[in-house]
Amino acid sequence: MPQIPDFIADQTLNPGQHGEGPGQEDTALDPASMLHVPAGPDVASGNEEPGAAVARMRQAAALRLAHPRRFRAGQLKGIRRMLEEQADTICAALAADLGKPAVEAMLTEVQPTRSEVDHALLYLTDWMEPESVKVPLAFRPASAKVEARPLGTVLIIGPWNYPVQTLLGPLVAAVAAGNSVVLKPSEKAPATSELIGRLIPQYLDPRAVAVVQGGAEAVQALLAEKFDHIFYTGGERVGRIVYEAAAKQLTPVTLELGGKSPCVVADGRNWPAIARRIAFGKFTNAGQTCVAPDYVLAVGEETQRQLEKHLPKAIEEFYGKDAQQSPDYGRMVSTEHVERTVALLDDALSGGGAVEGAGARASGEGHPPARLVHGGRADVADRFLEPTVVADVSPDSALMEEEIFGPVLPIVRVDTFEEAVEFITARPHPLAAYLFTDKHRYHRAFEERVTAGGMAFDVALLQVGLPTLPFGGVGASGLGAYHGRAGFETFSQLRPALTKTDQVDTLRMVYPPYTWTKRQALKRLL
């Protein structure tokens, strides 16, 4: 039988004894003593059979094991200890899966997750505290409150591009909200998935968190089970499958998808800084970031000229003249993903025909060829694609029809800021939208007219690292949000409650029969 971590066991084996914090009244009979972790290697290795894992987590939810504040705090501290003690091991796994440099792994995976943990620990008591709300005069004397209650058992399905942050970030929110959790890491990041499976039972209470490994079959088996909430991060195609499966059981979902996030550059004073910020946002993780600038809308000829001049300089500043030899540039997740991205690039540069079934190209029609500004070299066997910039990209090219999710940055020239806004609003709502400009009126117009999951001005990518900002999509880019309090509420039922004393029955006025006197009084009162 896997050993429950001592620092958790000391605090949670009798969670009712502490008698502090919301939810303590539910645990006076020590339900933890009724729940056991089965012996065997599956739980310890994080490779449990889906049905068994879900059954255990539902039992934990029924016994309210994870409800007490101290239990939640113990789990959060376990995540933090894991991130601190296993940072080097985690970075090594990310390097094996995605070629992530250690510094980048710390900046984009480990540290943001730890910030989420620290933020949750700081505000957990406040979030759990019932919120009093005003009662109208007609209902008085009475009191009303809204209390965040755990949903029960939740499923978190993680992606491969940020396999630590986008799996453990939602876990932080779900644990803080008092749920039992089934984690499904991505099989496309096998080293990280296997590591997470081993570490979770060591640092978190295995009675309240389970890990299920596997591919599509495991996901299908999990989706056939009953959950109280499903949280999915990944592509739109699988997102639709998750949404459809959840709908059959009326299970609420959070979908973090993606889309083509635009970056409008209207003008600038410090062009080197603008180029560096765009390049950092685009080429971090070899472009495999859901909120990376997917394309640039350059407003005017001068803006395009400056971007073509300074973006290559920024790329060489970051990764040297040969990015393949740079220790600071990652790799794509698979050879197939490299081939797909190269096909999109070739289609843009050739004027059509390189991508089968992509809109106009499928019917034999072409488009004006794009121009290579920087990069373009690929080594499929090494899962390498050079940071690439292409200009004069046709809006009809395959490169502009689907999310690139790779290190290719198209520049599309527009004549006016108004044209840029119309370009964005004519397409599905993106997960992020970026604007670089010195004109405040453009800021206001962008915020007013562009619909996106989130926005950032004069910077890219950083907005997702703030636990104080909700992160989520809108429309085709996602459903629901998390980070900080938003995540806590995503995994909670905000349950209303009304209390009215019966010592004085002030409701007699609304009881039948409705006499003339009552009708007149109710008119004045209501």
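In whole percent, and with a 1.4 Å probe on the protein chains, what portion of the accessible area of the chain is carbon and sulfur? It would help to have the intermediate numbers written out before the result.
Working: 12010 of 22440 Å².
Answer for the chain: carbon and sulfur cover 54 percent of the accessible area.
What number comes out for accessible area per residue over the chain if the probe is 1.4 Å? Units Å², please.
43 Å²
Given all pairs of different Cα atoms, what value in angstroms does the Kirkwood hydrodynamic radius of the chain take? Each step should come with its number before you reach the end.
Values: mean 1/r = 0.0398 Å⁻¹.
The Cα-based Kirkwood calculation yields 25.1 Å.
Could you work out how far helix 111-128 tilts from the main Cα principal axis of the chain, as a 0 to 90 degree angle to the nearest 10?
20 degrees
Which residues make up the longest stretch of the chain that has no trypsin sites (Lys or Arg not before Pro) in a DSSP loop with at most 14 other Cβ atoms within 10 Å?
For trypsin sites (Lys or Arg not before Pro) (loop position, at most 14 other Cβ atoms within 10 Å), the longest site-free span of the chain is 1-133.
Whenever you get a sec, line up ASP382, ASP396 from highest to lowest accessible area (probe 1.4 Å, protein heavy atoms).
Largest accessible area first, the residues go ASP396, ASP382.
For the charge dipole of the chain, defined by +1 on Lys and Arg C-beta atoms and -1 on Asp and Glu C-beta atoms about the Cα centroid, which residue among PHE384, THR192, GLN520 has the Cα displaced farthest towards the positive pole?
So the residue we want is GLN520.
Hey, what angle do you get for helix 190-203 against the long axis of the chain, alpha-carbon based, 0 to 90 degrees rounded to 10?
For helix 190-203, the angle is close to 30 degrees.
So which lysines pass the test for LYS260, namely a Cα distance under 27 Å, with those fewer than 8 places away in the same chain ruled out?
Reachable lysines: LYS100, LYS184, LYS188, LYS282, LYS309, LYS313, LYS439.
Shape call for region 309-451 from the C-alpha gyration tensor, a ≥ b ≥ c root eigenvalues: rounded (a/c under 1.5), prolate (a/b greater than b/c) or oblate?
oblate
Would you calculate, for the chain, the mean residue ellipticity at 222 nm contributed by helices, counting each DSSP H stretch of 4 or more residues as -39,500 (n - 2.57) and dividing by all residues, to the nearest 500?
Rounded to the nearest 500, the figure is -12000 deg cm²/dmol.
When the solvent-accessible surface of protein heavy atoms is calculated with a 1.4 angstrom probe, in what order do HIS440, HIS429, HIS374 fall, highest first?
HIS440, HIS429, HIS374
On a straight-distance basis, which lysines could pair with LYS500 in a cross-link, Cα separation under 26 angstrom, same-chain partners fewer than 8 positions away excluded?
Of all the lysines, those that pass the test against LYS500 - Cα under 26 Å, at least 8 places apart if same chain - are LYS134, LYS145, LYS518, LYS523.
Sorted from largest down, what three extents in whole angstroms do the Cα atoms of region 265-354 have along their principal axes?
In descending order, the Cα extents are 40, 35, 25 Å.
I'd like the accessible area for VAL265, computed on protein heavy atoms only with a 1.4 Å probe and all protein chains in place. Round to 10 Å², please.
0 Å²
Would you mind working out the magnitude of the charge dipole of region 363-462 relative to its Cα centre, with +1 at each Lys and Arg C-beta and -1 at each Asp and Glu C-beta, to the nearest 20 Debye?
With only Lys, Arg, Asp and Glu charged at Cβ, the dipole is about 240 debye.
Placing +1 at every Lys and Arg Cβ and -1 at every Asp and Glu Cβ, with all other atoms neutral, what dipole size does the chain have around its Cα centre, in debye to the nearest 20?
Using Cβ point charges on Lys, Arg, Asp and Glu, the chain gives about 2260 debye.
Dipole size in debye (nearest 20) for region 191-249 around its Cα centre, Lys and Arg Cβ +1, Asp and Glu Cβ -1?
40 debye
Ignoring everything but the protein chains, give the 1.4 Å probe accessible area of TRP271 in square angstrom, nearest 10.
Answer for TRP271: close to 30 Å² accessible.
The values are calculated or read from the model by the stated rules, or taken from the named source; none is laboratory data. This one's a predicted model, so the numbers in the text were calculated from it and none came from an experiment. Please note: Cβ atoms are built from the backbone with ideal geometry, for glycine as well, and neighbour counts cover all protein chains shown. The accessibility values were calculated without ligands, DNA or RNA, using every heavy atom of the protein model including side chains. Shrake-Rupley method; radii C 1.70, N 1.55, O 1.52, S 1.80 Å.
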